[in-house]
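Enquirer: Take this structure, written in structure tokens, and hold onto it; I'll ask about it next.
Any read-out appearing in this document is the output of simple, stated calculations on the displayed coordinates, not a laboratory observation. The structure presented is a predicted model; accordingly, all values stated were derived computationally and were not measured.
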């Protein structure tokens, strides 16, 4: 079950990385992009191309790594493995 979930996350992460590399390659190096918006919908913080195109990808990779590591750290990890459907 855990490995199946990780396999499902590979495709979206690969797409995010592909779009990130594409956006980073076509964006001018000294440009600023909105990376955070206020409640009124206007941007209130700007970042460079690296943050703009790879920020969400890094968060996705971090969440996937945490979800992969939690069952290994669980003291009752055997229960998780036994509860997987066959």
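Enquirer: For the chain, set up a Gaussian network in which alpha carbons nearer than 10 Å are linked by springs, and say which option among 17, 50, 39 fluctuates the most.
Expert: With Cα springs under 10 Å in the chain, the top fluctuation among 17, 50, 39 is at 39.
Enquirer: Which value in Å is the Kirkwood Rh of the chain over different Cα pairs? Please report the intermediate quantities before stating the final value.
Expert: On the way: mean 1/r = 0.0647 Å⁻¹.
It works out to 15.5 Å.
Enquirer: Related question: Most fluctuating residue of 26, 15, 35 in a GNM of the chain with Cα springs under 10 Å: which is it?
Expert: Highest fluctuation among the options: 26.
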